[in-house]
Amino acid sequence: MKKFSWQEGMDDEELNIDVTPMLDVVFILLIFFIVTASFVKEAGIDVNRPQASTATQQENASILVALTNDDSIWIDGRKIEQHALRANIERLHAENPKGSVVIQADKDSRNELLIAVMDSARAVGVSNVAIATADGE
């Protein structure tokens, strides 16, 4: 049987489809979606929050600050000192300027620390500051 002119000199290896460009596109799309995704940030510690009957859901909460019963401050899973509070809130606010600050204060934490967090948030330009409460029934 005679081969056609376009088949002459071709081996079976040359007839394979190259999927490398398709994989490149898939990886680029994956990177794009990872970079543009909005990740939920956690304060890094569970606190015993008080209950409130008038609590409402806070939207765009991008900065979560936890205050424990031993008066330690946690942001992004790290324990921070009170003097570094403003710098950390300022950094997180720069990452998401439309976000708000939610303070998860333990019911046994000091009010002085709560006010310090609120002052630090307002000093860097965050006008939407909320205090988290426990889920009521």
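Here are a few things to note about the model shown:
- Given (1) open to solvent by 100 Å² or more (accessible area, probe 1.4 Å); (2) in a loop (DSSP other than H, G, I, E, B), index of the condition His83 fails: (2)
- Residues of the range 68-80 that are polar (S, T, N, Q) and buried (at least 16 other Cβ atoms within 10 Å of the Cβ): Thr68, Ser72.
- Of all residues in the range 101-132 being acidic (Asp, Glu), open to solvent by 40 Å² or more (accessible area, probe 1.4 Å) and out of contact with any helix residue (DSSP H, G or I) (no Cβ under 9 Å at 6 or more places or on another chain), the one that is modelled with the lowest pLDDT: Asp108
- Subset of the range 88-100 (residues that are surrounded by 12 or more Cβ atoms within 10 Å (Cβ to Cβ) and hydrophobic (A, V, I, L, M, F, W, C)): Ile89, Leu92
- Taken over the range 17-49, the residue count meeting the criterion of being surrounded by fewer than 10 Cβ atoms within 10 Å (Cβ to Cβ) and either closer than 30 Å to Ile131 by Cβ or at pLDDT below 55 (or both) is 4.
The values are calculated or read from the model by the stated rules, or taken from the named source; none is laboratory data. Worth saying up front: this structure is predicted, and the values here are computed from it rather than measured. FYI the Cβ positions are ideal-geometry reconstructions off the backbone, even for glycines, and counts take in every protein chain you see. Side chains are part of the model used for accessible areas, which takes the heavy atoms of the whole protein and leaves out ligands, DNA and RNA. Shrake-Rupley method; radii C 1.70, N 1.55, O 1.52, S 1.80 Å.
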